[in-house]
1. Please specify each residue of the stretch 214-269 satisfying the condition of being out of contact with any strand residue (DSSP E or B) (no Cβ under 9 Å at 6 or more places or on another chain), assigned to a loop (DSSP other than H, G, I, E, B) and not small (Gly, Ala, Ser).
2. Given the criterion within 11 Å of the ligand (Cβ to nearest atom), modelled with pLDDT of 95 or more and of a type outside the set (Gly, Ala, Ser), identify the matching residue among 252, 241.
3. Is there a residue in the stretch 417-430 that is within 20 Å of residue 138 (Cβ to Cβ), within 16 Å of the ligand (Cβ to nearest atom) and polar (S, T, N, Q)?
4. Return the residues of the stretch 343-360 that are in a helix (DSSP H, G or I), more than 25 Å from residue 207 (Cβ to Cβ) and not aliphatic (A, V, I, L, M); say none if nothing qualifies.
5. Show the residue pairs meeting these rules: Cβ distance below 8 Å; 6+ apart or different chains; first residue within the stretch 139-160 and free of Cβ contacts under 8 Å to residues at least 60 places away in the same chain; second residue aliphatic (A, V, I, L, M) and surrounded by fewer than 14 Cβ atoms within 10 Å (Cβ to Cβ).
6. Give the number of residues within the stretch 141-172 that are assigned to a loop (DSSP other than H, G, I, E, B), surrounded by fewer than 19 Cβ atoms within 10 Å (Cβ to Cβ) and out of contact with any Leu (no Cβ under 9 Å at 6 or more places or on another chain).
7. For the stretch 91-117, give me the residue count where each residue is more than 12 Å from the ligand (Cβ to nearest atom), in a loop (DSSP other than H, G, I, E, B) and not hydrophobic (A, V, I, L, M, F, W, C).
8. Which of the following residues is touching a strand residue (DSSP E or B) at 6+ places or on another chain (Cβ under 8 Å), surrounded by fewer than 19 Cβ atoms within 10 Å (Cβ to Cβ) and touching a residue at least 12 places away in the same chain (Cβ under 8 Å): 348, 320?
Amino acid sequence: MTFELDRRTLFRGGAAAGLATLAVAGFEESVTAATLQGSLPSHVDVVVVGGGLSGLVAARKVAAKGRSVLVVEARDRVGGRLLNHTLKGGAVIEAGGAFVGPTQDHIKALAAEMGVHTFKEYVQGKNVYISAQGKKQLYTGTVPPDPLVLLDAALLLKQLDKFASEINVDAPWTHPKAAEWDSMTLGDYIRKNAVNKAGILNLIAAWTQPGFGADPDQLSLLFVIHYIACSGNEATKGTFELNANTTGGAQESRFIGGSQLVPLKVAQRLGTRVALDAAVHRIDQGSTKAIVKTSRGNVTCKQVIVACPPPLVLDIDWYPQLPAQRHALLTHMKMGRLMKCDAVYSTPFWRADGLSGSGVADSGATRTVFDNSPNDASVGVLLSFVGGATWQKYGTLPQAERKKAVLEGFAQMFGPKALKPIEYTEHNWPHETWTRGAPVAVMAPGTMTAFGPAIRRPFGRVHWAGTETSTYWTGYMDGACRAGERAAAEVLAKL
Ligand SMILES: Cc1cc2nc3c(=O)[nH]c(=O)nc-3n(C[C@H](O)[C@H](O)[C@H](O)COP(=O)(O)OP(=O)(O)OC[C@H]3O[C@@H](n4cnc5c(N)ncnc54)[C@H](O)[C@@H]3O)c2cc1C
């Protein structure tokens, strides 16, 4: 059963749903009801394409300056890659983006303003590592204690941090070594520099598969270095540790009630400035206006902000056509492949065994595992990120076979109790029409140096938002907020 199906069941008021469940579903229903019903306005100052976090933040900034704005969203909900899922007992977990950490100030400030609070990811106790040979080891910290990879891992992370410290996050293609770094993959670099090449490639995939939905051989080294450089803010340089760590890094905290509460609350305030079920299929622009054509009708405006995932921009008919460099950039930006698989237990039983619920495995369906229990630990939830090559192997299986592989992986880490969840749920993002992958669009070699400068370049009346256009925390909720704020400032300056 997919999350979408569960959500619809809840909206119909399933008898088994608890009070908390109904409260969350009821809130989303009330937000949907508050959005624009009936005809779209014929004219506004700004149309925002996409009601994910980035588009909603942009619209909020435009509205705050007294300009008329309309968000047109293809789905019947807001939030895009943020999607809450209510478990049978009423607790909420996330099917999409969830974690926040230090230097992600923009999403944290917005959430605080919306009254959505964070709680710390559970980290007490030991993490579990399952080696390629099936050997189980307990450890603390970020890197599993495999003596065969430790030295290579330390050297690689040191090098990546050094390279990232030299990058201009606004224009990574200007680094003197940009061409060299963009001519190879992260995998090529590892093969060239590591002693235990296979070992470190396999270990680093436990970072790239959840982080990019891709493997080291699919990612340009320059793109990866830039991504690390972006994992910070204006005051703190991005580092691998800020990106990959739980404590002190991007996985440090989650939102009480689920991250989708943030876009839902922003949309609630925007009210009739949001139109759902309004997929944009064509954008015309001329010397005095732009016309955005949607499945609910056309809207004429002065400026447009496009805030949908890069590959989806190519599905829109553009008159005039997109500039060649932007078209080429979007053609080369592929969504990662990632799904989240969650098993629910009556308690987080691993905690009593002194385990944090975090794990890394060299193979199988549970390569990167987190404790995904709600704040009050009313149930225990184990989460496996199934991404990249692991998605290719398990994400494409029938659900029953994937579930079996995921539960067996959890059992290898946390014992046989893991085989008997009270609930199992998953969300397969590459199958989502309006996202088509997760968590982010990635770049292979040759993309960033050839086409990167087009990433934020406005096209006439059209400006670009979406997390992929951010200069800090691109790929993350924080980047989505930042990109929305920047695009709003661009159009406000032109109105
Ligand atoms: C499984 C997963 C795990 C993640 N983990 C984290 C995490 O832990 N922490 C973190 O910070 N981030 C995480 N992310 C990434 C984070 O969710 C995204 O960076 C962020 O939500 C992107 O927001 P956005 O507004 O840029 O894009 P989106 O959320 O993709 O919003 C784009 C919107 O555009 C709409 N749209 C598309 N085409 C059209 C069209 N033609 N017309 C109208 N509307 C259209 C879509 O329906 C969508 O609502 C994760 C994402 C996923 C999926």
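1. 230, 233, 234, 236, 237, 239, 245
2. That would be 252, the only listed residue that is within 11 Å of the ligand (Cβ to nearest atom), modelled with pLDDT of 95 or more and of a type outside the set (Gly, Ala, Ser).
3. Within the stretch 417-430 (the criterion being within 20 Å of residue 138 (Cβ to Cβ), within 16 Å of the ligand (Cβ to nearest atom) and polar (S, T, N, Q)), the answer is no, since none of the residues qualifies.
4. 349, 353
5. 151/195; 152/195
6. Total satisfying the criteria: 7.
7. Qualifying residue count, the stretch 91-117: 3.
8. It is 320.
The values are calculated or read from the model by the stated rules, or taken from the named source; none is laboratory data. Remember, predicted model here, so these are calculated numbers, not experimental data. With ideal geometry, Cβ positions are generated from the backbone for all residues, glycine too; neighbour counts draw on all protein chains shown.
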